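The values are calculated or read from the model by the stated rules, or taken from the named source; none is laboratory data. What you are looking at is a predicted structure, and each value in this text was computed from that prediction instead of being measured. As a convention, Cβ positions derive from the backbone with ideal geometry for all residues, glycine included, and neighbour counts pool all protein chains shown.
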Amino acid sequence: MKRRSVIAGLAAAATVPHLAAAQTPPLKIRFGWAITPAQFLPIIFENTSILKHYGKSYTTEAYYFKGSAPQITALAAGELDFAALAFSSFGLAIQNAHMNDIRVVADLYQDGVPGFYSSQYVVRADSDIHKVEDLKGKTIATNGLGGAIDMAMRKMLRTHGLEDKRDYKVIEVDFPNMPAMLSEQKVDMAGMVAPFSLTELKAGRVRTLFTIKDSMGVAQTTLLAARAPKPRCLRRARPISPRTAQPSSISSKTCKSAHAGC
């Protein structure tokens, strides 16, 4: 009888990992985005019929942001797994938010590549603004302070001797609202991206004053970033595996000797 009980116990234990695996929900991958088609993330997961493992081992959840800078806060708070950051906001995440564990995962958008589109800074077609210096005393629309569009604009104006607050005013406007803000003369210039700039140019309502390429040349405008996973010993105590079901007994002291970057 005792032998039968042991065998039955071992058989039950052997089924635990399989039951745990079957009951584990798909991993939810959360990512931020600001504009398409420059950032394809909210599009590539739409047609789930061609994604073999979608809904089984993983799912995705897209969060819209008006720019890259607000995604720093979400990434720092653990509300995002991946953030679409600009070259400038990536630096801010390290310098200001002290996220020394942030990593570049993939390229999202390069601007200024010969033969390809470059984001445009446009004015009304009937505007009296014909050169950068004419922006003195004007109001400029940017999608988000500290982002790629914003920083390239500031660099261009500084090159021409103009400084924010002293010589011009900057306000934040979502990309889809920029055409209306221009036509209603609420702003004098807007930093636009495709498809909005192309639509407005084709309709003859705006003209290009300069581009990101004019300001910075070829630039790694946006990139996909994530935080490096913590070493297991610094995570919250949890079972090492379903087979042992024992909490981790590795201390921070042991961890420091085992992991150079712990």
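What the table shows:
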| read-out | value |
| --- | --- |
| Candidate set from the range 60-102 (those that are of a type in the set (V, I, T) and touching a helix residue (DSSP H, G or I) at 6+ places or on another chain (Cβ under 9 Å)); member that is surrounded by the most Cβ atoms within 10 Å (Cβ to Cβ) | I72 |
| The range 44-57 residues that are in the same structural domain as G32 (by TED's automatic domain parsing), paired with ones that are assigned to a helix (DSSP H, G or I) (beta carbon under 8 Å, 6 or more apart) | Y54/T48; G55/T48 |
| T139 vs. criteria within 16 Å of M192 (Cβ to Cβ), assigned by TED's automatic domain parsing to the domain that holds R205, of a type outside the set (A, V, I, L, M) and without any contact (Cβ under 8 Å) to a residue 60 or more places away in the chain | yes |
| Lone qualifier among I102, I129, I149 - being farther than 22 Å from Y64 by Cα and among the β-branched types (V, I, T) | I129 |
| Members of the range 172-205 that are out of contact with any Pro (no Cβ under 8 Å at 6 or more places or on another chain) and of a type in the set (V, I, T) | V173, V187, V193 |
| I149, sole failed condition from (1) surrounded by 20 or more Cβ atoms within 10 Å (Cβ to Cβ); (2) under 19 Å from the mean Cα position of the chain (by Cα); (3) not in a helix (DSSP H, G or I) | (3) |
| Residue pairs meeting the criteria (Cβ under 6 Å; at least 6 apart or on separate chains; first closer than 26 Å to Y109 by Cβ and among the basic types (K, R), in the range 19-35; second part of a loop (DSSP other than H, G, I, E, B) and modelled with pLDDT of 70 or more) | R30/L80; R30/D81 |
| Residue check, A194 surrounded by 19 or more Cβ atoms within 10 Å (Cβ to Cβ) and either modelled with pLDDT of 95 or more or assigned to a loop (DSSP other than H, G, I, E, B) (or both) | no |
